[in-house]
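Undergrad: Take this structure, written in structure tokens, and hold onto it; I'll ask about it next.
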Amino acid sequence: MQDLPTSMRTDMCGTLTAADAGRTVSVCGWVDRRREHGEHLAFIDLRDHTGVIQCVVNSSHDLRSEYVARMTGLVRPRPGETANADLATGEVEIEVTEIEILAEAEPPPFPVNDRIDVDETIRLRHRYVDLRKERLQRNLRTRARVNSAIRAGMEEQGFVEIETPMLIASTPEGARDFVVPSRKEPGSFYALPQSPQLFKQLCMVGGIDRYYQIARCLRDEDLRADRQFEFMQLDAEMSFVSQEDVFTAISHAVANAVEAVTGERPGDFERMTWQEAMERFGSDKPDTRFGMELVELTEVFDGTEARVFQAPCVKGIRMPDGVAALSRNQIDALVETCQRWGAKGLAWMKVVDGENGPALDAGVAKFLSEPESKAVINALEAEPGDMVFLIADTRRVVRHVLGLLRLELGRPPVNEGGLHFLWVVDFPLFETIADNGSPVPAHHPFTMPHVDDMDLLGASGETLLDVRSQAYDLVLNGWELGSGSIRINRSDIQNRIFELLGIGEAERQAKFGFLLDAFRFGAPPHGGFAFGIDRLTALLLGETNIREVIAFPKTQSGADPLTSAPSPIDSAHLEELGIRTLPPAT
Ligand code: ASP
């Protein structure tokens, strides 16, 4: 830990050790705890961000919790039996000769030195008190290390930091924009960037070659544990590259960040195609820290007599030792949960010791023929004591629901199982076909199709869903860290995509005219990536909610209890902006 002497202090509270005994020091901080000691003396634990130090003072001083004070005195060893081995400074104390109260404090809304759960709204309302806690101090300082390691990692590779504007026209990330009304042009609005996407592409046309930015992005989406309205991402774009070059550059920056926090550089990141991820894990962001993979059983039930398994797709998962782990009530609850997730049902069976090796029992076991039972046991490599779960439905439903069930049954806690980085590649170009018959882009409309699937762009309808793209995600322990793609830089391909997406000439010009214009003046082949710094930092710290790594986050409902944002503005201001508000919808 660093000592940061100033004109008011010689040392930090948490850095004093037996080696300092005999020195006269001054420390500054907050009163963490006070204990009376006999009639005349009191022990004050004084706290700064490095830790606490025990100060022995005259008990006549009015020093209460969270008062800010400066203490001067002699560092001395604590008498043998009073030393505290749990505390970095536990072998010493300061025999205080001079106390200066720098600020008095009202009783804090919640204790700083306690691990008790405090209601989140209260924590955020008094975030400045919350920030004094060890956990947030550690998290924010770690986050700063992540940022600087990423910066260094990008700069080592020739990336140039460029700041792109906040007041812009809409970007194509597909979420809802936050908008800012224009005073100069009442009735017109700026959008706040969902990402710097179009500007970074313009940087490539402008010959920047390698751009990066630790960028604030804003998306008006429902908030979750891993999502806030505003978030930070490492945003990057490179010219004259294939996706391999992008992987190399981004992996380097991520590895730098991991090393800065854990002291260890991760090995090479794994690769998996989107198709494989969906079939084996039922997810495009598979948590590869554990097995319990989805096993294909469609062929096993080809022509089956059992009605429950007459479906276009059947897959199963095996829960090792599940028989002992799950009660009948729990199994029933799982069936209901799977139905809520969209499956018609969940077939379950126990694996028991049969006469000739493992056999299926209970649940739907009686509906399976002998060869079907054998085949299921073999395919799932089931052992006595295991539970097996099967879903028969459309391939989409089977993958989705079984993927969620796998997480429910097997996912380790966030801080266990190490860091499993995974590039998921060859994402489909289109996500679905909308009701109007147009495909919906899976990433954004500038994503380059896969080189082997260019011919398929001439197709129509459901076949278009088979078109793969040069889009990729980086996944860490089941969290989507970020995405990127190689971009389209040829107008014939771009026009075809717009045509497929049903974006007409006028809309193209209105939304992306400036980018398309720029491309007419010499656009290099380029591609890029962006990953969430909040998510990466949270995972490196073993936090499940990104709010724990953000200094001033919003609540789940998007409010800021500290500043009361969002709040109404006065009528004169509205007038100036040419805005009239409606009463809230009831
Ligand atoms: N702009 C994309 C995003 O924010 C990332 C990229 O394609 O580079 O998700």
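The values are calculated or read from the model by the stated rules, or taken from the named source; none is laboratory data. Quick caveat: nothing in here was measured; it's all calculated off a predicted structure. Because the Cβ atoms are built from the backbone with ideal geometry, glycine has one as well, and the counts that use them run over all protein chains shown.
Undergrad: With respect to A551, determine if the residue is surrounded by fewer than 20 Cβ atoms within 10 Å (Cβ to Cβ) and part of a helix (DSSP H, G or I).
TA: no
Undergrad: Are there any pairs with C-beta distances below 6 angstrom linking a residue in the stretch 150-176 that is closer than 14 Å to L192 by Cα to a residue that is aromatic (F, W, Y), with the two at least 6 apart or on different chains, and if so which?
TA: Note: pairs meeting the criteria are T164/F199; L167/Y190.
Undergrad: Working carefully through the options E155, E134, E221, find the one that is of a type in the set (D, E), under 17 Å from the mean Cα position of the chain (by Cα) and away from the ligand (no atom under 12 Å from the Cβ).
TA: The unique qualifying residue is E221.
To keep it simple, each residue is scored yes or no on (1) away from the ligand (no atom under 11 Å from the Cβ); (2) surrounded by 15 or more Cβ atoms within 10 Å (Cβ to Cβ).
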residue: V440; (1), (2): yes, no
residue: P445; (1), (2): yes, yes
residue: P449; (1), (2): yes, yes
residue: S460; (1), (2): yes, no
residue: T463; (1), (2): yes, no
residue: V467; (1), (2): yes, yes
residue: A471; (1), (2): no, yes
residue: N477; (1), (2): yes, yes
residue: G482; (1), (2): no, yes
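Undergrad: Let me ask you something else. Which condition breaks for T586 when tested against (1) away from the ligand (no atom under 16 Å from the Cβ); (2) in a helix (DSSP H, G or I)?
TA: (2)
Undergrad: Can you find a residue that is touching a strand residue (DSSP E or B) at 6+ places or on another chain (Cβ under 7 Å), within 19 Å of E91 (Cα to Cα) and assigned to a strand (DSSP E or B) anywhere in the stretch 4-20?
TA: No: the stretch 4-20 contains no residue that is touching a strand residue (DSSP E or B) at 6+ places or on another chain (Cβ under 7 Å), within 19 Å of E91 (Cα to Cα) and assigned to a strand (DSSP E or B).
Undergrad: Okay, next question. Looking at (1) more than 27 Å from N139 (Cα to Cα); (2) in contact (Cβ under 8 Å) with a residue 24 or more places away in the chain; (3) surrounded by 13 or more Cβ atoms within 10 Å (Cβ to Cβ); (4) out of contact with any Leu (no Cβ under 7 Å at 6 or more places or on another chain), which is the only condition C55 fails?
TA: (4)
Undergrad: State the number of residues belonging to the stretch 173-195 that are away from the ligand (no atom under 11 Å from the Cβ) and either of a type in the set (V, I, T) or assigned to a loop (DSSP other than H, G, I, E, B) (or both).
TA: Residues flagged as away from the ligand (no atom under 11 Å from the Cβ) and either of a type in the set (V, I, T) or assigned to a loop (DSSP other than H, G, I, E, B) (or both) within the stretch 173-195 amount to 13.
Undergrad: When both residues are 6+ apart or on different chains and their Cβ atoms are under 8 Å apart, which pairs have a first residue that lies in the stretch 122-142 and is under 12 Å from A551 (Cα atoms), and a second that is of a type in the set (F, W, Y) and outside any loop (DSSP other than H, G, I, E, B)?
TA: R132/W30
Undergrad: Is there a residue being surrounded by 22 or more Cβ atoms within 10 Å (Cβ to Cβ), modelled with pLDDT of 95 or more, within 14 Å of the ligand (Cβ to nearest atom) and β-branched (V, I, T) anywhere in the stretch 158-170?
TA: Within the stretch 158-170, none of the residues are surrounded by 22 or more Cβ atoms within 10 Å (Cβ to Cβ), modelled with pLDDT of 95 or more, within 14 Å of the ligand (Cβ to nearest atom) and β-branched (V, I, T).
Undergrad: Right, next: Working carefully through the options L218, L223, find the one that is closer than 30 Å to R138 by Cα, touching a strand residue (DSSP E or B) at 6+ places or on another chain (Cβ under 7 Å) and either polar (S, T, N, Q) or in contact (Cβ under 8 Å) with a residue 12 or more places away in the chain (or both).
TA: L218
Undergrad: Given the residues W348, W423, which is the only one that is within 28 Å of E480 (Cα to Cα), in contact (Cβ under 8 Å) with a residue 24 or more places away in the chain and buried (at least 17 other Cβ atoms within 10 Å of the Cβ)?
TA: W423
Undergrad: May I ask you to list the residues in the stretch 375-399 that are small (G, A, S), in a loop (DSSP other than H, G, I, E, B) and surrounded by fewer than 21 Cβ atoms within 10 Å (Cβ to Cβ)?
TA: Residue satisfying the conditions is G385 alone.
Undergrad: Also, I was wondering about something else. Output the strands (runs of 3 or more DSSP E) that fall wholly within the stretch 229-334 and possess 3 or more residues being of a type in the set (D, E, K, R) and at pLDDT 95 or above, or say none.
TA: 230-239
Undergrad: Kindly provide the set of residues from the stretch 233-264 that are away from the ligand (no atom under 14 Å from the Cβ) and of a type in the set (S, T, N, Q), ordered by number.
TA: S242, T248, S251, N256, T262
Undergrad: Among the residues of the stretch 198-211, is there at least one that is closer than 30 Å to L501 by Cα, modelled with pLDDT under 95 and over 19 Å from the mean Cα position of the chain (by Cα)?
TA: Among the residues of the stretch 198-211, at least one is closer than 30 Å to L501 by Cα, modelled with pLDDT under 95 and over 19 Å from the mean Cα position of the chain (by Cα), which makes the answer yes.
Undergrad: Condition check: assigned to a loop (DSSP other than H, G, I, E, B), more than 16 Å from the ligand (Cβ to nearest atom) and under 30 Å from T447 (Cα atoms). Does F521 satisfy that?
TA: Taking the combined requirement at face value, the residue satisfies it.
Undergrad: For the stretch 196-217, what are the residues that are in a strand (DSSP E or B), within 11 Å of the ligand (Cβ to nearest atom) and among the aliphatic types (A, V, I, L, M)?
TA: The answer is A215, and nothing else.
Undergrad: What are the residues in the stretch 90-146 that are under 19 Å from L541 (Cα atoms) and either of a type in the set (G, A, S) or in a strand (DSSP E or B) (or both), if any?
TA: Result: A144, single match.
Undergrad: On to the next question. Please work out if R487 is within 16 Å of the ligand (Cβ to nearest atom) and of a type in the set (K, R).
TA: Answer is yes for this residue.
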